[in-house]
Amino acid sequence: MLIDSHCHLNLLTNFSSCGSITISSKNIKTTNSSCFFDTKMYDTVFLDSFIQRALENNVQYIQTICTKLEDLPIVLKIAEQYKNVFASVGVHPCEVNDKKRLITDLEIIELTNHQKIIGIGETGLDYYHQPYNKKLQRDSFIAHISAASATNLPIIVHTREADEDTIDILTSAMHNSKFSGLIHCFASSKNLAAKMLDIGLYISVSGIITFKNATNLQEIVKYIPLDRLLIETDSPYLAPTPMRGKQNEPAFVRYVAEKVAELKNITSQEVENVTTHNFKILFSKFEKQVSLI
């Protein structure tokens, strides 16, 4: 059994007529100061087929990730519609700016009462997408960490070109309070991986590890202990080899598992078993909710 630990089902749609997904595509509307497509692209007609293909590829469970509060109702609607889909709540750093009020830890805590919400995020730091406000991103990140600590739900961390500040914030926070979490779609340095493992976080890898030029990242995957590893698609982005040029989807997480198996010189079945076990340990609310279904 496979679990896609991180995707954006509200952004999946039928892109067969316009080929691969790129930010510059005239067919895709993007939100201002955001690295995400507009949720208006969400298409219920095609979502059934994505879920079905996932099941056919042994992807039994999926976590769909919230990136902005405006999208939370549709994220929860999807999670409520499908028994095998769970959700998170959070505000992505690209959605943090001086035009929006910062969410508080208490607001996040309140939202986690929904039975299908099993994680907090994605949150974190992004110094790649312009413009950005370091202070606002930091304040938002800390609020999410506080909520994670209070609820015992894992924090889902996005970090891009912000390694040192990410290490700083998470390490300091861990000294003051205990929380669990993961670095999602890991594509950074071995130093960041080591520091995150040192404070007890998990690391989730995506289709990036299958790319031909991702040799440094592939070496880091070999370094990460299997019992601290998760797998994801981050769909609709980052389709793995051999699906490059297509819209990514949860079914393709099997290619990530196969690449991990190749890099660690073990079987795909071992990767499936361990990453599924890791997910259940980290997202403990998931295990409880599955037993109630």
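The values are calculated or read from the model by the stated rules, or taken from the named source; none is laboratory data. Here the structure is a predicted model, which means the values were calculated and not measured. Note: ideal-geometry Cβ built from the backbone for every residue, glycine included; neighbour counts use all protein chains shown.
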Quiz prompt | Residues that are free of Cβ contacts under 8 Å to residues at least 12 places away in the same chain and among the charged types (D, E, K, R), drawn from the range 100-133 | solution = 100, 101, 107, 110
Quiz item: Going through the range 102-131 one residue at a time, which ones are at pLDDT below 95 and either buried (at least 19 other Cβ atoms within 10 Å of the Cβ) or touching a strand residue (DSSP E or B) at 6+ places or on another chain (Cβ under 9 Å) (or both)?
Solution: 129
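Of everything in the range 253-269 that's farther than 13 Å from residue 209 by Cα and either touching an Asp or Glu at 6+ places or on another chain (Cβ under 7 Å) or touching a residue at least 24 places away in the same chain (Cβ under 8 Å) (or both), which residue is surrounded by the fewest Cβ atoms within 10 Å (Cβ to Cβ)?
Only one residue tops the list, namely 266.
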Self-check item: Which listed residue is out of contact with any Lys or Arg (no Cβ under 9 Å at 6 or more places or on another chain) and part of a loop (DSSP other than H, G, I, E, B), from 266, 208, 281
Solution: 266
Quiz item: Going through the range 240-270 one residue at a time, which ones are at positive phi and of a type in the set (Gly, Ala, Ser)?
Solution: 245
Quiz prompt | Criterion (under 15 Å from the mean Cα position of the chain (by Cα) and more than 21 Å from residue 119 (Cβ to Cβ)) met by exactly one of 187, 261, 194, 239 | solution = 239
Self-check item: Verdict on residue 200 being outside any helix (DSSP H, G or I), surrounded by fewer than 23 Cβ atoms within 10 Å (Cβ to Cβ) and modelled with pLDDT of 95 or more
Solution: yes
Practice problem: Kindly provide the set of residues from the range 242-252 that are in a loop (DSSP other than H, G, I, E, B) and crowded, with 16+ Cβ neighbours inside 10 Å, ordered by number. | Solution: 243, 246, 247, 248, 249
Quiz item: Restricting attention to the range 52-70, and to residues there that are under 18 Å from the mean Cα position of the chain (by Cα) and among the polar types (S, T, N, Q), which single residue is surrounded by the fewest Cβ atoms within 10 Å (Cβ to Cβ)?
Solution: 60
Self-check item: Residues satisfying the stated conditions in the range 182-221, i.e. touching a Leu at 6+ places or on another chain (Cβ under 8 Å) and on the phi > 0 side of the Ramachandran plot
Solution: 185
Self-check item: Odd one out for residue 233, checked against (1) part of a loop (DSSP other than H, G, I, E, B); (2) crowded, with 20+ Cβ neighbours inside 10 Å; (3) out of contact with any Cys (no Cβ under 7 Å at 6 or more places or on another chain)
Solution: (3)
Quiz item: Before we move on, is residue 142 crowded, with 24+ Cβ neighbours inside 10 Å, at negative phi and at pLDDT 95 or above?
Solution: no
